[in-house]
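Written below as structure tokens is the structure these notes are about.
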Amino acid sequence: MKSVPNWALSFFSDELSRLAVSDGYICATAISLLVILLFHIFLSSKFRFFSSASTSSPTDPVSHAVNSQSRISRVVSDEDLKFLIDNLEERNESDEIWEDVIHRSNDRISYTAKRCKPKDGGPMKYLSVTVFEDCSAEILRDFYMDNDYRKQWDKTMVDHEQLQVDSYSGIEIGRTIKKFPLLTSREYVLAWRLWEGKDKFYCFTKECDHNMVPQQRKYVRVSYFRSGWRIRKVPGRNACEIKMFHQENAGLNVEMAKLAFSKGIWGYVCKMENALCKYMATSHGTQGSILSAVTLIKKVPSELETQTDDVTVSMATISGEGLLTHVVAKQRKTLRKPSKKLIAKGLVLVGGAICLSRGHSALSAKVALAYLLTKLNKRGTSLKQTT
């Protein structure tokens, strides 16, 4: 119990001495006041003790926090796998407007990505397809999940540590620090889980809190993270495809994040492909005795497996055209019916070429006609880009 302050004792001592000469009723009143004061101080000290204990105890459950083996088994569930499959299969595509971002390829790799702004106002959603040549699904899975190797080639990753693994559910929790140019480094506390299906692998990752990693001022904690992929072999080719869904809120300006992704993602993918080649050449494999989500991979539930057993093969798998194939087809249909503006601009160009060919030398006419042919060949470009 907290000791009574000296000023209170001295005050009541003097008061009792002075009241000793008074009647017994006043003396009893003073003694009662002293007892009440002591009782009040006792209750105040007890309340502060229990209040501080309830707020500082590291074992108290926090919203979405993981601090026990039983709680970790519920962080990533089969419902998250269903959410991932629905997004990868684009079952809600009719309700969302997607914007094509990039389509690049070389002899070793092809990459296609698109994005959309959710109607609920959440973070930007990205959907991408990457095809790696001369690669197996198992090697690609191990490569993507090897965070120790990622620190060697991915210079944006400052640090990574494993926090917890649940041997029953196969869920792994880790902490990653990533650096952003001219910005505060971002801290990711994530939980992920892997599933093995018929000739394919799935992985889903989401944010969580963990009692081993309190928030620090020197990092910005990523508050929302939903990401997952499906890896499968490309039919008829020695190649593998990884289709990825990604959505996160890292506290960045939306337009700046969109620009950074558009300009930097292809270089990052090429760097990833080089790292994959080195990974295969050095005989990297499954992490073996190290307990992780890869070694504890689970089977895809039968009801979800039947939903993905379709005979439809993505256009990215067959031709490498990726998610832009349907857009190109629509553009070709549109080009069959040229607009009035396009016809008018063509007539203007033809008239200008005729005037140049009549009024100037033969060289000028050739230049004008070459310019005309170039413009007509580029009629597939948007009218906004036509000059």
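None of the figures in this text is laboratory data; all of them are computed from the coordinates on show. As the structure is a computational prediction, the values presented were derived from the model and not from experiment. Backbone-built Cβ (ideal geometry, glycine too); neighbour counts: all protein chains shown.
Among 241-251, 73-83, what's the highest-first ranking by average C-beta atoms within 10 angstrom per residue? Can you show the working numbers first?
On the way: 241-251: 20.2, 73-83: 17.1.
Sorting 241-251, 73-83 by mean packing, highest first, produces 241-251, 73-83.
The residue list 168, 296, 149 was ranked by how far each Cα lies along the charge dipole of the range 65-329 toward its positive end, using unit charges on Cβ atoms, and 149 comes out on top. For the listed residue pairs 179/278; 178/299; 114/155; 119/200; 200/271; 117/178, the alpha carbons are over 28 angstrom apart in 178/299; 119/200.
Amide H to amide H distances under 5 Å link residue 163 with 173, 174, 175, where only residues 5 or more positions off or on other chains count and H is placed in the peptide plane. Its convex hull of Cα atoms gives the range 150-211 a direction-averaged projected area, equal to a quarter of the hull surface, of 5.8 nm². Here the range 108-251 is treated as an ellipsoid with the same Cα gyration tensor; its semi-axes, largest first and in whole Å, are 27, 19, 16.
Listed values for the range 167-174 are Karplus-derived 3J(HN,Hα) couplings in whole Hz (6.51 cos²θ - 1.76 cosθ + 1.60, θ = phi - 60°), namely 5, 7, 8, x, 7, 10, 10, x, and x replaces Gly and Pro. For the pair the range 149-190 / the range 90-137, the C-alpha centres are spaced 23 Å from each other.
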